[in-house]
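Working notes, beginning with the structure itself.
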Amino acid sequence: MNTELTGEKKLAAGAQKKDDPARVPLFLFHSGKNRRLYEYMGVHKATHKGKKCMVARVWAPKARAVSLVGNFCNWDSAKYPLKKVDDSVWECYTDFEFQPYEMYKFYIKTASGEDTYKADPFAWHTETRPGTASRWYELEGYSWGDSAWQKKKETEKHYNQPVNIYEMHAGSWRKYQDGSVFSYDKLGDELIPYVKEMGFTHIEFMPLTEYPYDGSWGYQVMGYFAPTSRYGQPKDFMRFVDRCHQAGIGVIMDWVPAHFPRDAAGLAKFDGTTCYEYEDPRKGEHKEWGTLVFDYGKPEVISFLVSSAVFWLKEYHVDGLRVDAVASMLYLDYNRRDGEWVPNKDGGKENLEAVAFLQALNEAAFAEVLDPMMIAEESTSWPMVSKPTFMGGLGFNYKWNMGWMNDMLRYMSMDPLFRSGNHQSLTFSFFYAFSENFILPISHDEVVYGKGSLINKMPGTDEQKAAGMRCFVTYMMGHPGKKLQFMGTEFAQKDEWNYEKELEWYLLQYKEHKDAQDFFKAVNHFYLSRPELWEVDFSWEGFEWISNDDYTQSVIAFRRKSKKGKELVCVCNFVPVQREHYKIGIPQWGIWSEVFTSDDESFGGGGVTNGKIIKTIDEPMHGCEQCVELTLPANTVFFLECTKPGVKPKPKEMKKEKPEPVVVTETGRRAATVSA
């Protein structure tokens, strides 16, 4: 990372020798090394020839002509033409300053002579859809109040802290009665206390970068430097993040460098040619999604994307970025048939340019801000995703565990009669649990497109569905890795998520849904209170099997350990059959207590419990010198803690019996004499 910074300084020094310092940002831009390109490109306040004005800059290599247009000139392209400052970047100075919220675009005459109007790729604010104009907005001036949060991050690293993420779509969490969406400020009023009360540690937003089409949920981005205006202005979002931090809640944003839409005002064929995208359609488009792929071989595109990531981390104090669709970037044949993709220079299917970009992205993020959460949504077995770049990794520090998610949802959704034959779906994740820094996700992708809500994935009666969901989520809290749940799951929403409607909050009038919410609140706070479940998430030092092979009864048991050696024992019964007199090996002699159970009556369980006094038995089992005998309630996961350690008693010594006195009879004497 230090080598990277040194190289950047050398590039800048070289640029200064060739020309004046003003050209340094350009030189770094064309070298793929400009991490704060948003400070140079776009439209900014300036002073030119002693007069306050605006300076506009845009990258359009093949354009014939470029102008700045807007309300200020009645959209007349002849008023403010830009001139090339090098072979691809255009610039102009106005003779006036923009008013706040001034609407503008770039008029571009393409290489083929066509007229087009493009939004500013570096705009900090935009019109609300269906409008596509950029708006002038001054970011400076917000007074942040999250210094305590930032200081806490220096000493309490998220790797060994609880991370329990509430993933959400801002426009459909709640709505007003007339169907209009909450603003950033209203979300702050309602969402922050709710998340805090429910025991979540972070909020993860589906993309808030400006996007034109509601149905894309934000994953088809047009404004990589603008929070969507659907919910307010940029400083409103700053205030939301600030309020989250002051309440002790982290903020993560989904960020999409994998592809972008074809909208006429966006990045597609920006100067009339393939500017931001690959020229070859076999690399440059995702037919299934109808989108275009960034050309990771162009240093200017690298500077653009890296600057966008740094922008959200630095200017908005966002704590992390979850990078969407990483697999689609890594593989040239992703969702492409034979003949629809081009091998790399070595004949392989790996996109080497995308690999280099992701490494540069993560190096920049860690160089610019303190310990950000850089999270990869990567669905394959690509190695070392969450390992540093100097080790050959991609440089992320977290990866979604899609394998665990797929296996467990498949396992939990099947009839319990067949689970014994699919025991590997339950245990396989532990073979690779520490190969990456994993987050266990139950995300929006699992409750759309006919997949059903989480509770409706569970088989059986309504009571069995509820028990199954509690069982699964409690087991998830015990499994190594950080956690993520999608909004609505916490009160057992029945229908699939619909971005056009608010969540089914009315269900909370029914006991079973209030019970589900009470359960989530209880299990989340239990997770927060137990370092055994999060201090050592990424190595075998924090986990040990007790029993993983009882496939006939679908039971597993394991240990979770804190840094100081405290531990919890997690026992899981994944079938709707109660097991009596079930013995497991236990690591400590003494009195054990059941400290949490998914079968608690307070949130709708059957109330079967092993109680607070569970005495160890002097019987070796599962590699331990002692065991405990338990009742395993149907469809239940529970945790045990040793509340009164003891010392295994020594075996009782056998009493030595005194020998009977020897009585020698006369017959005996005669026999002895004869023998002699």
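Taking the criterion of being over 21 Å from Glu300 (Cα atoms) and surrounded by 24 or more Cβ atoms within 10 Å (Cβ to Cβ), the only residue of the stretch 347-373 that qualifies is Met373. Being hydrophobic (A, V, I, L, M, F, W, C) and not in a helix (DSSP H, G or I) holds for only one residue in Leu409, Leu440, and it is Leu440. Report yes if some residue within the stretch 385-399 is β-branched (Val, Ile, Thr) and not in a loop (DSSP other than H, G, I, E, B); otherwise report no. Yes; the residues of the stretch 385-399 include at least one that is β-branched (Val, Ile, Thr) and not in a loop (DSSP other than H, G, I, E, B). Within the stretch 65-74, the set of residues being touching a residue at least 12 places away in the same chain (Cβ under 8 Å), more than 21 Å from Val301 (Cα to Cα) and not small (Gly, Ala, Ser) comprises Leu68, Val69, Asn71, Phe72.
Starting from the stretch 483-503, take each residue that is in the same structural domain as Trp217 (by TED's automatic domain parsing) and list its partners that are β-branched (Val, Ile, Thr) and part of a loop (DSSP other than H, G, I, E, B), counting only C-beta distances under 8 angstrom and pairs at least six apart or across chains. Short answer, once both residue conditions are applied: Lys483/Val163; Glu496/Val448; Trp497/Val448. The set of residues in the stretch 58-69 that are part of a strand (DSSP E or B) and crowded, with 22+ Cβ neighbours inside 10 Å comprises Val58, Trp59, Val66, Ser67, Leu68.
Of the residues making up the stretch 19-48, those that are in contact (Cβ under 8 Å) with a residue 24 or more places away in the chain, of a type outside the set (Val, Ile, Thr) and not in a helix (DSSP H, G or I) number 11. Scanning the stretch 159-178 for residues that are out of contact with any His (no Cβ under 7 Å at 6 or more places or on another chain) and either over 18 Å from Gly488 (Cα atoms) or of a type in the set (D, E, K, R) (or both) returns Tyr159, Asn160, Gln161, Pro162, Arg174, Lys175, Gln177, Asp178.
Taking the listed residues Phe294, Phe304, Phe270, the one that is of a type outside the set (Ser, Thr, Tyr), farther than 30 Å from Lys482 by Cα and more than 25 Å from the chain's Cα centre (by Cα) is Phe270, with no other qualifying. Residue pairs whose Cβ atoms lie under 8 Å apart, sitting 6 or more positions apart in sequence or on different chains, and linking a residue in the stretch 359-388 that is among the basic types (Lys, Arg) to a partner that is modelled with pLDDT of 95 or more, are Lys387/Gly393; Lys387/Leu394; Lys387/Gly395; Lys387/Glu436. The number of residues in the stretch 439-464 that are in contact with a Pro (Cβ under 9 Å, 6 or more places away or on another chain) and crowded, with 20+ Cβ neighbours inside 10 Å comes to 1. Restricting the first member to the stretch 115-134 and to residues that are within 19 Å of Pro257 (Cα to Cα) and outside the structural domain of Gly215 (by TED's automatic domain parsing), and the second to residues that are at pLDDT below 95 and among the basic types (Lys, Arg), no beta-carbon pair is closer than 7 Å while six or more apart or on different chains. Please verify whether Met408 is buried (at least 18 other Cβ atoms within 10 Å of the Cβ) and touching a helix residue (DSSP H, G or I) at 6+ places or on another chain (Cβ under 6 Å), treating the condition exactly as stated. Taking the combined requirement at face value, the residue does not satisfy it. The residues listed here are Tyr211, Tyr224, Tyr276; of these, the one that is buried (at least 22 other Cβ atoms within 10 Å of the Cβ), in contact with a strand residue (DSSP E or B) (Cβ under 9 Å, 6 or more places away or on another chain) and within 17 Å of Gly320 (Cα to Cα) is Tyr224.
On inspection, Met477 passes the criterion of being within 20 Å of Met412 (Cα to Cα), modelled with pLDDT of 95 or more, within 17 Å of the chain's Cα centre (by Cα) and not in a strand (DSSP E or B).
The values are calculated or read from the model by the stated rules, or taken from the named source; none is laboratory data. Here the structure is a predicted model, which means the values were calculated and not measured. Ideal geometry is used to build each Cβ from the backbone, glycine not excepted, and the neighbour counts take in all protein chains shown.
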